[in-house]
Amino acid sequence: MPTVLRGKGLGAADAALSTTDAARQGWSILREQVSLPAAVLLRSALLHNLEWMRRFVAAYGVQLAPHGKTTMSPELFGLQLDAGAWGITVATAPQAREAWLAGARRILVANQLVGPANMAIIAELLEAGGTEVFCLVDSAANADALGRWFDAHGLCLDVLLEIGVSGVSGGRTGVRDDAQAQAVVAAVARWPRALRLAGVEVYEGVVADEAGVRAILRRSVETFQRLRAGAAFGRVPALLTGAGSAWFDVVAEEFAALSGDATAEIVLRPGCYLTHDVGAYRQAASRIQAGNPVARRMGTSLRPALRLWAYVQSRAEPERAIVGLGKRDAAFDAGFPVPALHYRPGDAMPGDAAAHWQVTAMMDQHAFLQVRAEDDLRVGDMLCFDISHPCLTFDKWRHLLVVDDDHNVVDAVSTQF
């Protein structure tokens, strides 16, 4: 069902609008028909990124279950599924429900499922039929809690053994050694009617360097092969899954040896590829483009698709401009927004923002832009910003406008955080 649009980043309309109505309004960012600040998605970059990742995973013979927590947008989930995604990855039970409502019938909860209310949400999806839901286990205690609950409700849940990293600052969930892994597998086996060990999962993003990433991936492959040899898996093919948005190329390389095996299903889970960014993920893309043979053959890289438009509100100081964009609008945990375009209403098209313009601080609704006294930047000028870390920008917007290369609104998507 189309989502009703209201709030920031919209144009004026005679009646309530839904996401499907946005394209019919004829809004233009440059004609100032949209209230700023506004979050926009560049359609050409979105489509490019979809095709780029489709080709990349196809070259390795692996599947793609993009992490939905990045956008939490049912319309974008649909776009990814239509482009061939195997399923959608999420982090929580409510996110799993949103993915199901968006049409996903394979849902990978890349997290532990704890608590009866969360279990009940997953049970609803299983009871609806025609849906596979996977969650992670890294302790006998959690496996037994899941087993008791799902056994009492007459349902069977697919679980994945999570491999963790020891001795790493920020090491998160996951078994640290073979003894812990064996204890979890034994606990799962205690509940044959309620739990099915469906594979092995790892999140390599807690490791900072490539050597460490490859080491944890190889340990995951070894664990998978050992469990498979011992007939521990109840699903055929069994899943082997990893890959955040920074190291998906390395995961593809390390896991691809099993991609032609009928008893293994390899699933990658990057989420930020769809919109990309100009921060950490651009750095990762540069590394991938330089070192990965598939990416080099493809000859292109991912493109930033998520941008924010805002007005210059004040030039009360000669070397500072205040822009109507703040922490309520853009991520700031991985770097401030980066000025990309400068537009003066009435000009034909935007030009590049000056290379020395830099956001130095942000408040709730304001950004502090360092400029030079002689810069031709006026109150009422419009600036377009690229961002770092799309996850924490998406969650600040109920909807985002989709624009063409001339900055005309051609669609809208909603978010369900």
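Share of carbon and sulfur in the accessible area of region 203-251 stands at 54%, probe radius 1.4 Å. Between amide H atoms placed 1.01 Å from N, distances below 5 Å from residue 67 occur with 89, 271, all of them 5 or more places distant or on a separate chain.
In this simple spin-label model, placing a label point 7 Å from the Cα along the Cα-to-Cβ direction at both residue 132 and residue 262 gives a separation of 1.6 nm.
Taking the alpha carbon gyration tensor of region 293-383, what are the square roots of 5 times its eigenvalues, largest first, to the nearest whole Å?
On the way: eigenvalues 146, 57, 30 Å².
Equivalent ellipsoid of region 293-383: 27, 17, 12 Å, largest first.
In region 1-142 the Cα-Cα distances spread across 5 Å bins starting at 0 as 2, 8, 16, 16, 16, 14, 12, 9, 5, 2, 1, 0 percent of all pairs. Among 326, 26, 103, determine the one that fluctuates most according to a GNM of the chain built with springs between C-alpha atoms less than 10 Å apart. Looking only at 326, 26, 103, the biggest GNM fluctuation is shown by 26.
Helix 280-291 and the long axis of the chain differ in direction by around 70°, with both axes built from C-alpha atoms. Here's the list of aspartates and glutamates a cross-link from residue 8 could span, going by alpha-carbon distance under 15 Å and ignoring same-chain residues fewer than 8 apart: 32, 329, 364, 395. Ordering 175, 389, 86 by Cα displacement along the dipole of the chain toward the positive end leaves 175 in first place; charges were set at the Cβ atoms of Lys, Arg (+1) and Asp, Glu (-1). The separation of region 253-310 from region 370-406, counted between C-alpha centres, amounts to 25 Å.
Report the FRET efficiency, 1/(1 + (r/R0)^6), for residue 12 and residue 287, where r is their Cβ-Cβ distance and R0 is 45 Å, rounded to 0.05. Please report the intermediate quantities before stating the final value.
On the way: r = 45 Å, r/R0 = 0.99.
Between residue 12 and residue 287 the formula returns 0.50.
Using Cβ point charges alone (K and R +1, D and E -1), the dipole size of region 1-133 about the Cα centre works out to roughly 280 debye.
The H on the amide N of residue 403, modeled in the peptide plane, is under 5 Å from the matching H of 41, 42, 43, 410, each at least 5 residues off or on a different chain.
Calculate, for residue 193 and residue 301, the FRET efficiency according to 1/(1 + (r/R0)^6) with r their C-beta to C-beta distance and R0 56 Å; round to the nearest 0.05. Show your work: numbers first, answer last.
Details: r = 48 Å, r/R0 = 0.86.
Efficiency, from the Cβ-Cβ distance: 0.70.
For region 240-286, the dipole from Cβ point charges (+1 on Lys and Arg, -1 on Asp and Glu) about the Cα centre works out to 200 debye, to the nearest 20.
Rounding to the nearest 20 debye, state how big the charge dipole of the chain is about its Cα centre with +1 on each Lys and Arg Cβ and -1 on each Asp and Glu Cβ.
On the way: 39 positive and 45 negative charges, 113 e Å.
Taking the Cα centre of the chain as origin, the dipole is about 540 debye.
For the pair residue 156 and residue 211, label points projected 7 Å from Cα toward Cβ lie 4.5 nm apart.
Dipole of the chain computed with +1 at Lys/Arg Cβ and -1 at Asp/Glu Cβ about the Cα centre; of 157, 3, 27, farthest Cα towards the positive end is 157. Heavy-atom accessible surface of the chain, averaged per residue, reaches 41 Å², computed with a 1.4 Å probe.
The values are calculated or read from the model by the stated rules, or taken from the named source; none is laboratory data. What you see is a predicted model, and the numbers here were worked out from it, not measured in a lab. Here the Cβ is made from the backbone with ideal geometry for all residues, glycine too, and neighbour counts use every protein chain on show. SASA here: full protein model, heavy atoms, side chains in, ligands and nucleic acids out. Shrake-Rupley method; radii C 1.70, N 1.55, O 1.52, S 1.80 Å.
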